[in-house]
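S.K.: First the structure, then my questions, so here it is.
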């Protein structure tokens, strides 16, 4: 009895999204037409931190990012990259909090410099 081996190759990658592994197809989709909401906990935590730190600056608890960095025992560079997230367009923030962000969008993308104008943010983040 001869055995035939059949090999099937499916192009895909695995990405970490909110602490979970998700299969990403070459076109960036999750592999089904209407992906379920996938709330990225890392992005949600970063949004919460950004608004908390912004509030601490606004109410005078701290006068600069360096003071926040010392209090939180975090590098000032990290603080400055995260606090920028508080200036994202409201619809982008809502989508991230609801898990409706584009599949390709990660916290690493949000930590990179992005435009100030909300319209330009949507284009930059491929909304």
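Please treat every number below as a calculation from the coordinates, not as lab data. Since we're looking at a predicted model, the values are computed, not measured. No Cβ is skipped: glycine too gets one built from the backbone with ideal geometry, and neighbour counts run over all protein chains shown.
S.K.: For a Förster distance of 30 Å, can you work out the FRET efficiency between the beta-carbons of residue 66 and residue 109, rounded to the nearest 0.05? Mind dumping the intermediate values first?
M.R.: Numbers: r = 26 Å, r/R0 = 0.86.
That pair, residue 66 with residue 109, gives E of 0.70.
S.K.: What nm value, rounded to one decimal, do you get for the distance between residue 73 and residue 100 when each label is placed 7 Å out toward the C-beta?
M.R.: 4.0 nm
S.K.: Let me ask something additional. Would you work out the Kirkwood radius for region 39-124? I mean one over the mean of 1/r across all pairs of different Cα atoms, in Å.
M.R.: Working: mean 1/r = 0.0747 Å⁻¹.
Taking the inverse mean of 1/r over all distinct Cα pairs, region 39-124 comes out at 13.4 Å.
S.K.: Can you give me the relative contact order of the chain as a percent, contacts being Cα pairs under 8 Å and 6 or more apart? The partial results should precede the final answer.
M.R.: Numbers: 117 pairs, mean separation 28.7, N = 127.
RCO, the chain: 23 percent.
S.K.: Right, something else. Report the label-to-label distance for residue 3 and residue 58 in nanometres (one decimal), using points 7 Å from each Cα along the Cα→Cβ vector.
M.R.: Between residue 3 and residue 58, the label points sit 6.6 nm apart.
S.K.: Another one. Quote to one decimal, in nm, the extra length available between residue 120 and residue 25 on full extension: 0.36 nm per residue of separation minus the C-alpha distance between them.
M.R.: Stretched out fully, the residue 120 to residue 25 stretch lengthens by 31.5 nm.
S.K.: Rounding to the nearest 10 and keeping the result within 0 to 90°, find how far the Cα-based axis of helix 41-58 lies from the longest principal axis of the chain.
M.R.: Once rounded, one gets 10 degrees.
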